[in-house]
Amino acid sequence: MSHPAIKPLFSGDPGACGDTHTFVLRVWRAQENQPWRASLRRGDGAAVTHYASLLQLLNGLIDELNLPEAGAASATPRGVL
């Protein structure tokens, strides 16, 4: 079920886009006072990559997708993470 305040960034079939990546993302924390951890697996079944923090996860996604570094000018807005 989607959150009513969240609007999709696109409409239609995401697979119809020319450049699409599929991932399985798992986020957890062992206890409420501990940091969030994450693991990411590409849709092609590649090995799972583990991250010790959500910031490391975001940096890993930036690397994986070859996105420009944070703060670099971009002609195309990418939405809000």
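The values are calculated or read from the model by the stated rules, or taken from the named source; none is laboratory data. In this text the structure is predicted, and so the values were computed from the model without any measurement. A quick note on method: Cβ atoms are made from the backbone with ideal geometry, for glycine too, and the neighbour counts reach across all protein chains shown.
Okay, here's what the table says:
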read-out: Output for the stretch 20-34, where each listed residue is under 19 Å from H50 (Cβ atoms) and in a loop (DSSP other than H, G, I, E, B); value: H21, T22, R29, A30, Q31, Q34
read-out: Checking A38 against (1) at pLDDT below 90; (2) touching a helix residue (DSSP H, G or I) at 6+ places or on another chain (Cβ under 7 Å), the condition it does not meet; value: (1)
read-out: Meets criteria (more than 15 Å from the chain's Cα centre (by Cα), surrounded by fewer than 10 Cβ atoms within 10 Å (Cβ to Cβ) and at pLDDT 80 or above) for D13; value: no
read-out: Enumeration of residues in the stretch 51-69 that are in a loop (DSSP other than H, G, I, E, B) and at pLDDT 90 or above; value: A52, S53
read-out: Those residues of the stretch 18-35 which are closer than 19 Å to L67 by Cα and either loosely packed, with under 10 Cβ neighbours inside 10 Å or at pLDDT 95 or above (or both), in sequence order; value: G18, D19
